[in-house]
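Heads up, the thing below is written out as structure tokens.
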Amino acid sequence: MVEDGVLISTSPATGAEAGRVPVAGADAVAAAVERARTAGAWWAALGFDGRKVRLLRWRALFAERLEELAELTHLETGKPVADAVVEASAAIEHTDWAARNARRVLGPRRTRTRLLLPEHAGHLEYQPYGVVGVIGPWNYPILTPLGPISGALAGGNAVVLKPSEYTPVVGQWLVDTFAEVVPEQPVLQAVHGLGDVGALLCRSGVGKIAFTGSTATAKKVMATCAETLTPVLIEAGGKDALIVDADADVNAAAEAAVWGAMTNAGQTCIGIERAYAVAPVYDAFVAAVVAKAGRLRVGEEIGPITMPAQLDVVRRHIGDALATGGRAVLGGADAVQPPHVAPTVLVDVPEDSAAIREETFGPTLTITRVADADEAVAKANALPYGLGGAVFGKANAVRIARRLRTGMVAVNSTLSFVGMATLPFGGVGDSGFGRIHGEDGLREFTVPKAITVRRAPSLLPAMTFERTPAQVRRIVKTLKLLYGRRP
Ligand code: NDP
């Protein structure tokens, strides 16, 4: 809620105030980006080692104050403290990895000399953009901004963060704790407000925007960034599928499906929203999922829906599934009890229903019987989204994982790729493009800089008007010699 230029953040569970932050206007956003330019130059000049030690101090502070951060996140989003701890642990891991690996991935290196242009040495390094703008969602207010923030900072950029209007306090906590370990310059700042503040950041002249949020908003962000040809990284929504093959450990698959679908009350971009189980294991899988999900307590393991408007979406998806032939084997029509949604498992839902095709963002799961893994893959791939996914099975599980049209897949677990610092995170299609985390996530926030250095006179001087016809003939001869042979 905005009141007199102040954004007041409240707990979705109790309505208690979580904190207040000032709303930034156009001048404040421009001033923050201007300050960030100076801070970014200072930060870049620290070099990889100077940044590494400071980022590791920040990571240590996270670990020291983990309980405080988890409590704050619980207050502002409503998610259980344990879920906030899991979220923070992944954020700590990514910050640690980015700090330790930035020099290796981004630092200057010589490239291999080839037979063409052998008299030149190739040098490659990855230079920062200067200032990176990060626009974040509310569902994982620690981890989703920290993926791009840690990569951008390790790469030598200053960052201006626009947290979601639902989680500004956690966003400000990140900024304030960074200032504790790096007090010299405002290398990480936040600008607060509604979507219009995000749009101001897109137009502010930052070197790149890293956006995490819905596909619909992603399109607006891209359109705004197009005005200034500002590059964008898009981490958007998903409708991830879990496939259970005939040789799967059904109990493990059910445990993972329930966690993947219902952790954070289902408000997870890489949350499992659809399951496809092959006929021989279908009944056992449904029974195990219902038994496990039925034990979850609303208000305990299942927190509230953070954004009130999302309750209508969840209600519509459940209603649509039931109206078109689907059956609720757990929860169902009365599951939505604001601000909570009770765990809901739907079967026999038509593939064209909203519950199968659109992002629900609630603790709901559809389970569909399929003849075999081929049908499961075809159905899983039938949507424009393509973020993550999971496969349970033995003999063919990795082969099935490769065939899913997504950026990430977990085999015999769910969501695990988000915590693995060495792997890139991101999607395809309506789920976005570009990557955070891992080596790709570091390169994403830098510009490859290619430099050639001549170290000897040219034997085949091609790039000069002073070449002679005889030299051109020698070039032709050399090319035929080097590349004329067909394999
Ligand atoms: P939104 O798209 O509504 O908002 C994301 C951010 O963009 C918020 O900070 C929002 O500000 C801001 N914003 C809104 N309008 C504009 C605009 N015109 N220009 C610039 N910025 C704008 O997403 P939610 O916050 O609702 O987050 C949920 C979505 O995020 C889900 O679809 C989920 O799947 C996705 N997500 C994707 C992840 C991924 O890594 N792929 C990870 C986590 C979530 P404000 O809040 O003030 O409106």
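The values are calculated or read from the model by the stated rules, or taken from the named source; none is laboratory data. Bear in mind the structure is a predicted one, so any value in this text is a computation, not a measurement. Heads up, the Cβs are rebuilt from the backbone with ideal geometry, glycines too, and the neighbour counts pull from every protein chain shown. Quick note on the areas: whole protein, heavy atoms, side chains included, nothing else; ligands and nucleic acids left out. Shrake-Rupley method; radii C 1.70, N 1.55, O 1.52, S 1.80 Å.
Checked against the criterion of being more than 25 Å from V409 (Cα to Cα) and either buried (at least 22 other Cβ atoms within 10 Å of the Cβ) or among the hydrophobic types (A, V, I, L, M, F, W, C) (or both), the candidates A333, A275, A253, A284 yield just one match: A333. In region 222-250, which residues are more than 28 Å from L201 (Cα to Cα) and assigned to a strand (DSSP E or B)? Hits for region 222-250 are D240, A241, L242, I243, V244. The residue of region 273-286 that is nearest to the chain's Cα centre (by Cα), among those that are away from the ligand (no atom under 13 Å from the Cβ) and within 22 Å of H317 (Cα to Cα), is R274. Scanning region 177-221 for residues being over 26 Å from E68 (Cβ atoms), of a type in the set (D, E) and assigned to a loop (DSSP other than H, G, I, E, B) gives a total of 0. Of all the residues in region 256-269, those that are of a type in the set (A, V, I, L, M, F, W, C), under 18 Å from the mean Cα position of the chain (by Cα) and open to solvent by less than 10 Å² (accessible area, probe 1.4 Å) number 1. Considering region 184-215, and only residues there that are small (G, A, S), within 18 Å of V6 (Cβ to Cβ) and more than 6 Å from the ligand (Cβ to nearest atom), the residue that is most open to solvent (accessible area, probe 1.4 Å) turns out to be A190. Here region 216-231 is the region considered, the condition is being polar (S, T, N, Q) and touching a Cys at 6+ places or on another chain (Cβ under 9 Å), and the residue that is nearest to the ligand (Cβ to nearest atom) is T224. For G19, are the conditions met, namely being open to solvent by less than 30 Å² (accessible area, probe 1.4 Å), at pLDDT 95 or above and assigned to a helix (DSSP H, G or I)? Criteria not met by G19.
Of the residues in region 140-155, not one is within 8 Å of the ligand (Cβ to nearest atom), small (G, A, S) and in a loop (DSSP other than H, G, I, E, B). Within the bounds of region 119-132, is there any residue that is among the charged types (D, E, K, R) and either assigned to a strand (DSSP E or B) or closer than 19 Å to R54 by Cβ (or both)? Yes, region 119-132 contains a residue that is among the charged types (D, E, K, R) and either assigned to a strand (DSSP E or B) or closer than 19 Å to R54 by Cβ (or both). Summed over region 220-250, the residues that are hydrophobic (A, V, I, L, M, F, W, C) and open to solvent by 20 Å² or more (accessible area, probe 1.4 Å) give a count of 7.
State which residue is most open to solvent (accessible area, probe 1.4 Å) when the search covers only region 46-76 and only residues that are basic (K, R) and assigned to a helix (DSSP H, G or I). Only one residue fits best here, namely R57. Each residue in region 404-453 was checked for being under 14 Å from L242 (Cα atoms), more than 13 Å from the ligand (Cβ to nearest atom) and assigned to a loop (DSSP other than H, G, I, E, B), and 6 pass. Restricting the first member to region 312-333 and to residues that are free of Cβ contacts under 8 Å to residues at least 60 places away in the same chain, and the second to residues that are surrounded by fewer than 17 Cβ atoms within 10 Å (Cβ to Cβ) and part of a helix (DSSP H, G or I), the beta-carbon pairs closer than 6 Å and six or more apart or on different chains are L330/G294. The residues in region 27-45 that are in contact with a Lys or Arg (Cβ under 7 Å, 6 or more places away or on another chain) and either open to solvent by 10 Å² or more (accessible area, probe 1.4 Å) or not in a helix (DSSP H, G or I) (or both) can be counted, and the count is 0.
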